[in-house]
């Protein structure tokens, strides 16, 4: 069983989003890793909810796991398309 710390806050700048974790770490993730977020409006990016496992944007159809971010993984659908 893998343990991932829970997200406690998310914020955005022009190129990245920042995720504060319960263990005190802050992750900086390029928006380019997640095209749905990159192409979404600032208003839609702010409409997320946190779960113990990740961050979810219903209107953008995006779900990002903390375990994936910690492993350095971006959008897996995009990665599969690029590999095909």
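By other beta-carbon atoms within 10 Å, ranking 4, 51 with the fewest at the front produces 51, 4.
With contacts taken as Cα pairs under 8 Å at a separation of at least 6 residues, the chain carries a relative contact order of 24 percent. Tell me which label goes with the value of percent of Cα pairs over 18 Å apart computed from the coordinates here: [x] 52; [y] 47; [z] 39. Of the listed options [x] 52; [y] 47; [z] 39, [z] comes from this structure. The fewest-to-most ranking of 19, 10 by surrounding Cβ atoms within 10 Å reads 10, 19.
A short reminder: the numbers here are calculations on the coordinates, not readings from a lab. Predicted model only: the values in this text are computed from it and were never measured. All Cβ positions, glycine included, derive from the backbone under ideal geometry; neighbour counts span all protein chains shown.
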